[in-house]
Amino acid sequence: MAVLAPRLLRRGLEVFAAISILGFAALLLYGNNLERFLSAMVSLRFGWLLVGLALASLDWLGGGLRLYVVARHVYRDQSLKGAILAGGLNTWASYLTPSQTGGGPMMIYVLKRYGTPLPEGMVASLMTFVATIIFFGVAGPLAIFLGAGRSLAQHGVIGEALDLYDLFRLSLGGFVAIGLSIVILIAFPGIARALARALRSRFERRGHTRWVERITELEEGVDRAHAAVLRFASPSGWLAMAGAVVLSAAAHANKLVAGYIVLKMLGIPAPFVDVLLLQTLITFLLYFAPTPGGSGLAELVSAAVMSVYVPRELTPSYILLWRLLVSYLTVGFGSAVFWHWLKGAEGADQLPEVVEGASVARSPGAD
């Protein structure tokens, strides 16, 4: 079964647009001040708007440079242009598929289109995901250790039992736990094989053939992932991974900094570090959102979390601008690039063939 197809992406785009429109309409009702919304939109601080537009390009440039660093380690003739397009379209496809599942296959497809062999493309996609895990796994706890965001404890979200700082630490802990589990299973495939055998036997006894097939594919994917990691077990490999981890800051900068830039556009004062942690929290909470691009949930979660700084009447303005920088621009540009390709020499049936079985190298854009 194909992992990704143009019709799936088209449907994802339709669902993304429909839910986003409905979500924004609900926020307009929540703000209950259309005049204030219009006034805010025509009086934006132009300089910060330009900064925001430049920030949105990091979905492509930051993600592409990170991919280029790891891909070039396994394929010396890696194209920089191909890596940048693959990085951007990875984010684009992540936004159009539930739980970001389309990002990795799309990245591999674009790399192959620009000459990167399929095995090397899968390795590069996997290693960008590992770099994301390491980046958040190190940066988040380090920020807490250095005392960042303690003022968030003044803002409760569930009565007096839980504040935003507690919620940030809780979500970060979950992300780190998932990341460590993935890294351990990749580094020690014997553990993954033992778990897979136990689960496969259980499902075989119960006659769940579909789950048996999926577990077999997962076991094979872990073996390929382990082989990919071994290709980086050298001084040059460690250097490439270190560069990818550092460049993960640029690859994810749009998601993490856009909220602060939008506050500046609207003239709303807020401490940079606290907003950065809140945006990290939102990223964690939306990481496995079931709707394309987290549409609907993104508006709801961001409006709730950022309410500590954004007045109710400015919430529609904030959410519209935030979603514009974080997702709408990438979705629009990526859609134009991808469907231009489909109208060209590429056949509409080629994409599923190229990414068949490539989901084991999933690389969230989220990454």
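The values are calculated or read from the model by the stated rules, or taken from the named source; none is laboratory data. Everything quoted here is computed from the prediction, not taken from an experiment. We place every Cβ from the backbone using ideal geometry, glycine too, and count neighbours over all the protein chains shown.
Filtered by the rule that a residue be without any contact (Cβ under 8 Å) to a residue 60 or more places away in the chain and either touching a strand residue (DSSP E or B) at 6+ places or on another chain (Cβ under 7 Å) or buried (at least 24 other Cβ atoms within 10 Å of the Cβ) (or both), the stretch 98-119 gives Val110, Leu111, Thr116.
Going by what's in this entry, would Ser20 be described as out of contact with any helix residue (DSSP H, G or I) (no Cβ under 9 Å at 6 or more places or on another chain), touching a residue at least 60 places away in the same chain (Cβ under 8 Å) and either surrounded by 17 or more Cβ atoms within 10 Å (Cβ to Cβ) or within 24 Å of Leu329 (Cβ to Cβ) (or both)?
On the way: out of contact with any helix residue (DSSP H, G or I) (no Cβ under 9 Å at 6 or more places or on another chain): no; touching a residue at least 60 places away in the same chain (Cβ under 8 Å): yes; either surrounded by 17 or more Cβ atoms within 10 Å (Cβ to Cβ) or within 24 Å of Leu329 (Cβ to Cβ) (or both): yes.
So Ser20 does not fit the description; no.
Each residue in the stretch 269-294 was checked for being farther than 23 Å from Gly173 by Cβ and touching a Pro at 6+ places or on another chain (Cβ under 8 Å), and 2 of them qualify. No other residue among Ser57, Ser94, Ser39 is closer than 26 Å to Gly296 by Cα, among the small types (Gly, Ala, Ser) and crowded, with 18+ Cβ neighbours inside 10 Å apart from Ser94. Screening Gly259, Gly267 for residues that are in contact (Cβ under 8 Å) with a residue 60 or more places away in the chain and on the phi > 0 side of the Ramachandran plot leaves exactly one candidate, Gly267. Restricting the first member to the stretch 186-205 and to residues that are surrounded by 14 or more Cβ atoms within 10 Å (Cβ to Cβ) and among the aromatic types (Phe, Trp, Tyr), and the second to residues that are modelled with pLDDT under 75 and assigned to a helix (DSSP H, G or I), the beta-carbon pairs closer than 7 Å and six or more apart or on different chains are Phe203/Val212.
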